[in-house]
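Down below is the structure, laid out as structure tokens.
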Amino acid sequence: MAEPEVEPEEDSGVEPEIEPADSAAAEREGIEAGCPVGMGYGDAHRCGRELHVAPDGADEKPVCLMHSEDPNKESGLLFDAFWREFERILEDAGESKAHFEHFVFPRLDFREREFQAICSFRSAKFKQNADFRNATFKQDVTFRNATFDQDADFLRATFTQGVRFVETTFHGTANWARSRFLDRAEFRRTKFIPRIVGRPSAAFSLASFSKPDEIIFEDVDLSRALFHNSDVSQVWFTSSVLWRNRDGNRGLAVFEETIPHDSGYAKGLEKNGQPNYRAVAQIYQQLKKNYDSRQDYWTANEFHFGEMEMKRLAEPTEGPFLQARQWLHRNLSLVALYRYASDYGNSYTKPIVWLLGILILFASLLPLPGVGLMRQGAKQTETYTSVWDVQKSYGEDLWAEVCLVGNGAITSVDAATFQKGAEYAPAYPLGRVLAIFETLLTSSLFALFLLAIRRQFRR
Ligand SMILES: [Zn+2]
């Protein structure tokens, strides 16, 4: 599958900003022509509304009420006048395009609102919380370059056609929980920079995507985004998307793992007061599937670690001997051992290091019960104590011990490689038990090594 092509927006050209009005003449002309803010291309699309008298310092250049940063717009007559004009534009537009470019919005309540027009909020500024809960956009809507100074709430909003959050900046939490995206949605270079530490930057929990491969995240920091209970297995995450790094450089993590569970956004992440690791595992599994299907196995493996880690942490929550069983699950279950041995198949050096360690360990363990060897037709068993001869010098004895460990090493390698030693054999019965145990361990580790190699280098 190819990267989704960048679809140029019809009005994405160079934006005419507020025009220079540094000379008195230009200013006079400006007053005659009204508000100088460009609403589309060039002068033809200048705002032209009557200039608003704002307090000193509110606006750089005189502009109309809609484009003014005048804080008095938050209430009273100016607030009413702003919304009257807004409604007029929307009504006049009907089902064609409604232009709100560069508008500076005061407190906003669009709950349950149905927008019939194609809405352009390009470069708009939302100074207060923007409430779009249950709103429906019947046609295309763009928030390109817009800035949300506070929270933006699109809870249960419906985007019937395309929606663009291209280069949109969110300084609060952007909430798309339970939103329905029926068509294309673009989150390109969207800046999620919430001011409050620990709060999510964007929430997509329970959001539904009707055309998942037209939901595009490009060059976006998703380290504080929430996706639980929504299906992200086919959404487009380009390679420039940023995820959170797991502690200890062990792959990638989603924010669901770290968000405090008393947060209003963490619904579904807790079960009977316990973290719901299964829900988080599901996100990892979907992300893994997503990156796998785009043949980005590197990133898929990074999510694989998270998925397995959630399985390890999802410990039993009821039944007898609960604490002991929980401890066992976390530390000695198969999934826990899988982690120790190979980072859930992500590391092929780990099993090799373990393998070497096991060989060395058993080389030194086997002489304890004894290593048997054939000498001049007779079987002789040597142990650490048996080779120590008080008649001999200290140096000679030490050398004898070293030779014994050497014999142990050969026996150990024999056991690891399923060889029945022709010359050396572990002493019966304890030595044999040790050797069998070693064979089991080393063959499992070798299998894990092969599995990890396959995971890392699959096509
Ligand atoms: Zn204007």
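Could you grab me the full set of residues in segment 175-198 that are in contact (Cβ under 8 Å) with a residue 40 or more places away in the chain and closer than 17 Å to Ala130 by Cα? Asn175, Ala177, listed by residue number. If the condition is being among the basic types (Lys, Arg) and in a loop (DSSP other than H, G, I, E, B), then segment 222-275 contributes Arg224, Arg246, Arg250, Lys267. Looking across segment 112-128, the residues that are within 16 Å of the ligand (Cβ to nearest atom) and either more than 28 Å from Arg195 (Cα to Cα) or open to solvent by less than 10 Å² (accessible area, probe 1.4 Å) (or both) come down to Ser120, Phe121, Arg122, Ala124. Looking across segment 240-278 at every residue that is of a type in the set (Gly, Ala, Ser) and without any contact (Cβ under 8 Å) to a residue 60 or more places away in the chain, the one that is nearest to Glu309 (Cα to Cα) is identified as Ala253. Summed over segment 363-392, residues that are in a loop (DSSP other than H, G, I, E, B), open to solvent by 20 Å² or more (accessible area, probe 1.4 Å) and small (Gly, Ala, Ser) total 2. Taking the conditions exactly as written (surrounded by fewer than 17 Cβ atoms within 10 Å (Cβ to Cβ) and assigned by TED's automatic domain parsing to the domain that holds Lys97), does Leu206 satisfy them or not? Considered against the rule, which asks whether it is surrounded by fewer than 17 Cβ atoms within 10 Å (Cβ to Cβ) and assigned by TED's automatic domain parsing to the domain that holds Lys97, Leu206 comes out as no. Among the residues of segment 347-354, is there at least one that is touching a Ser or Thr at 6+ places or on another chain (Cβ under 6 Å), of a type outside the set (Asp, Glu) and either closer than 25 Å to Leu441 by Cβ or in a loop (DSSP other than H, G, I, E, B) (or both)? Looking for residues that are touching a Ser or Thr at 6+ places or on another chain (Cβ under 6 Å), of a type outside the set (Asp, Glu) and either closer than 25 Å to Leu441 by Cβ or in a loop (DSSP other than H, G, I, E, B) (or both), one finds at least one in segment 347-354, hence yes.
Tell me yes or no: at least one residue of segment 343-364 is within 26 Å of the chain's Cα centre (by Cα), of a type in the set (A, V, I, L, M) and under 17 Å from Phe437 (Cα atoms). No; the residues of segment 343-364 include none that is within 26 Å of the chain's Cα centre (by Cα), of a type in the set (A, V, I, L, M) and under 17 Å from Phe437 (Cα atoms). Filtering segment 137-166 to residues that are touching a residue at least 60 places away in the same chain (Cβ under 8 Å) and assigned to a strand (DSSP E or B) leaves Thr142, Arg164. For Leu451, the conditions (1) in contact with a Leu (Cβ under 8 Å, 6 or more places away or on another chain); (2) part of a helix (DSSP H, G or I) are fulfilled apart from (1). Taking the condition open to solvent by less than 10 Å² (accessible area, probe 1.4 Å) and of a type in the set (Gly, Ala, Ser), does Ser201 pass? Here the answer is yes, as Ser201 does meet what is asked.
Answer yes or no: is there a residue in segment 104-121 that is in a loop (DSSP other than H, G, I, E, B), hydrophobic (A, V, I, L, M, F, W, C), under 24 Å from Val166 (Cβ atoms) and in contact with a Gly (Cβ under 9 Å, 6 or more places away or on another chain). So far as segment 104-121 goes, yes, one or more of its residues are in a loop (DSSP other than H, G, I, E, B), hydrophobic (A, V, I, L, M, F, W, C), under 24 Å from Val166 (Cβ atoms) and in contact with a Gly (Cβ under 9 Å, 6 or more places away or on another chain). Within segment 52-111, work out how many residues are away from the ligand (no atom under 15 Å from the Cβ) and in contact with a strand residue (DSSP E or B) (Cβ under 7 Å, 6 or more places away or on another chain). The total comes to 7. Among residues of segment 51-67 being over 38 Å from the mean Cα position of the chain (by Cα) and closer than 27 Å to Gln116 by Cβ, the one that is most open to solvent (accessible area, probe 1.4 Å) is Leu65. Of the residues making up segment 316-336, those that are in a helix (DSSP H, G or I) and closer than 18 Å to Asn276 by Cβ are Leu322, Gln326, His329, Arg330, Val335.
The values are calculated or read from the model by the stated rules, or taken from the named source; none is laboratory data. In this text the structure is predicted, and so the values were computed from the model without any measurement. Cβ coordinates were reconstructed from backbone atoms using ideal geometry, including for glycine residues, and neighbour counts include every protein chain displayed. The accessibility values were calculated without ligands, DNA or RNA, using every heavy atom of the protein model including side chains. Shrake-Rupley method; radii C 1.70, N 1.55, O 1.52, S 1.80 Å.
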